[in-house]
1. Of the conditions (1) closer than 15 Å to Ala32 by Cα; (2) without any contact (Cβ under 8 Å) to a residue 40 or more places away in the chain; (3) out of contact with any Leu (no Cβ under 8 Å at 6 or more places or on another chain), Leu93 fails just one. Which one is it?
2. Do we find a residue being within 26 Å of Pro479 (Cβ to Cβ), open to solvent by less than 70 Å² (accessible area, probe 1.4 Å) and modelled with pLDDT of 85 or more anywhere in the stretch 347-366?
3. Please state which one of Glu452, Glu428 is outside any strand (DSSP E or B), open to solvent by 70 Å² or more (accessible area, probe 1.4 Å), more than 27 Å from Val371 (Cβ to Cβ) and of a type in the set (D, E, K, R).
4. Could you list, in sequence order, all residues of the stretch 77-100 that are surrounded by 17 or more Cβ atoms within 10 Å (Cβ to Cβ) and within 25 Å of Gly50 (Cα to Cα)?
5. Among what's in the stretch 214-273 and is in a loop (DSSP other than H, G, I, E, B) and of a type in the set (Gly, Ala, Ser), pick the residue that is surrounded by the fewest Cβ atoms within 10 Å (Cβ to Cβ).
6. I'd like to check something: does the stretch 171-183 contain any residue that is closer than 20 Å to Ala248 by Cβ, surrounded by 15 or more Cβ atoms within 10 Å (Cβ to Cβ), out of contact with any Pro (no Cβ under 8 Å at 6 or more places or on another chain) and touching a residue at least 40 places away in the same chain (Cβ under 8 Å)?
7. With (1) open to solvent by 20 Å² or more (accessible area, probe 1.4 Å); (2) modelled with pLDDT under 85 as the list, and Leu481 as the residue in question, which single condition is left unmet?
Amino acid sequence: MATASSSDSDSGRAESNEANSKWLDAHYDPMANIHTFSSCLALADLHGDGEYKLVVGDLGPGGQEPRLKVLKGPTVLTESPLPALPAAAATFLMDQHEPRASALALASGPCVYVYKNLRPYFKFTLPPLPPNPVEQDLWNQAKEMSLPSVPVFLEVSGQFDVEFRLAAACRNGNIYILRRDSKRPKYCIELSAQAVGLVRVHKILVVGSTQDSLHGFTYKGKRLWTVQMPAAILTMNLLEQSFRGLQAVVAGLANGEVRIYRDKALLNVIRTPDAVTSLCFGRYGREDNTLVMTTRGGGLIIKILKRTAVFVEGGGEVGPPPAQATKLNVPRKTRLYVDQTLREREAGTAMHRTFQTDLYLLRLRAARAYVQALESSLSPVSVTAREPLKLHAVVQGLGPTFKLTLHLQNTSTARPILGLLICFLYDEALYALPRAFFKVPLLVPGLNYPLETFVESLSDKGISDLIKVLVLREGQSAPLLSAHINMPVSEGLAAA
């Protein structure tokens, strides 16, 4: 009975996970014996019947016995040997009449093979075979473009006859951007590590590096964002939903995760039984949104995106964050800790009363100090509504002569202030001022008035003192504002 209940709970948990997932598990064959890269995968309607097939340039186990495989659903439809290891596969339309069946171009060794209806149609050998005369001019233009290093990833956008841009990630760790009329790269993106993938998403180049990170760049080389991955990136490709206007990057990681990013926002995480080494997304069979993946061990995984699935930023994070599972290095309980805990438990009420008493005393002392500052006008900001003033001072110079600038401002909204006086209180044995008492001009509301004077240090013992500045009103003995200026030590006299 216990075994049955355990199996029931496991099956229920699996059904719950599948219900919460955005993907349907269409097929998984760990023994499919497919070893390839994302560049050698293509989805195309090869017969013009609306049934899309999967074309695989298979490297074979250990890089031996390369073969061209065409799969229909989970089964292999045709299989033919290749003379050399495949490098890339692409599909294109050759005929304009209906039904429009896609042709297949496969790069293998020094040749490009073109298949039509799954049969060899053309073979282009590079470079001994001369190009077609019609294409001679195009090849002449293309060969004038030179790169400082060997390219390993290419991304092209635009039309050749109008305007196009080509991004090439090279083995020297740089990405070069070329345009239609440029013989040399127009822009260069310097990476801190080698690139492992290059995908164009709208007008952004998304680059995966060997430092386990994704980077977003503009075509002018400006870095927009960087996202750190939890493991090494093995493969990358584009996920596009045309009817939703979604373009995202799919990255297969060495820890068995497949992550989907739109810019730097994580949309979804797929966990696979083995690390994914190649993937492609598109129409397969008669399903529009199918994700085809091959694993490091040669397995084949096919998942179908649910029609009701909507990718939301941050939806890839399931459950608590990883930091929550990290164990804290908590020190062992000492005898002092145990005794302190017992004392707090026994005298908790008295300790709380003592804390409250100290808190009330602190508040009382702060209130008394504030009242004293208001009564003695020690604050640099006036608290009276009749003379709303603000004062601050700046001391400049090394000595023995200092420049003292008082910035006085009328903070009222409409009423000017007249009849103010400035008075300086200082030790006459240490300092000398040309004017220790002067009148303040009319203060217009909102303007800052700098009032300058000079202070001469008379002491040669390297000591300094306070200078008090008082703002007074004519006929009143109590100051409106006051400021205490800590004068610096005269470095001129000390040096002499």
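The values are calculated or read from the model by the stated rules, or taken from the named source; none is laboratory data. These numbers come from a predicted model, not from an experiment. Cβ: placed from backbone, ideal geometry, glycine included. Neighbour counts: every protein chain shown. Accessible surface areas use protein heavy atoms only, side chains included; no ligands, DNA or RNA. Shrake-Rupley method; radii C 1.70, N 1.55, O 1.52, S 1.80 Å.
1. Among (1) closer than 15 Å to Ala32 by Cα; (2) without any contact (Cβ under 8 Å) to a residue 40 or more places away in the chain; (3) out of contact with any Leu (no Cβ under 8 Å at 6 or more places or on another chain), the lone unmet condition for Leu93 is (1).
2. Yes, there is a match, as at least one residue in the stretch 347-366 is within 26 Å of Pro479 (Cβ to Cβ), open to solvent by less than 70 Å² (accessible area, probe 1.4 Å) and modelled with pLDDT of 85 or more.
3. Working: Glu452 fails: outside any strand (DSSP E or B).
Residue meeting the stated conditions: Glu428.
4. Residues of the stretch 77-100 surrounded by 17 or more Cβ atoms within 10 Å (Cβ to Cβ): 82, 86, 88-89, 91.
Listed by number, the residues that qualify are Ala88, Ala89, Thr91.
5. Step one: of the stretch 214-273, the residues in a loop (DSSP other than H, G, I, E, B) are 218-222, 229-232, 245, 254-256, 263-264, 272-273.
Add one more test, that the residue is of a type in the set (Gly, Ala, Ser), and what stays is 221, 231-232, 245, 254, 256.
On the way: Gly221: 16, Ala231: 15, Ala232: 15, Gly245: 7, Ala254: 16, Gly256: 16.
If we take residues in the stretch 214-273 being in a loop (DSSP other than H, G, I, E, B) and of a type in the set (Gly, Ala, Ser), then Gly245 is surrounded by the fewest Cβ atoms within 10 Å (Cβ to Cβ).
6. So in the stretch 171-183, the residues closer than 20 Å to Ala248 by Cβ come out as none.
No, the conditions are met nowhere in the stretch 171-183.
7. (1)
The rows are residues; the columns are (1) surrounded by fewer than 19 Cβ atoms within 10 Å (Cβ to Cβ); (2) at negative phi.
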{"residue": "Ser38", "(1), (2)": "no, yes"}
{"residue": "Glu51", "(1), (2)": "yes, yes"}
{"residue": "Leu54", "(1), (2)": "no, yes"}
{"residue": "Asp58", "(1), (2)": "no, yes"}
{"residue": "Glu65", "(1), (2)": "yes, no"}
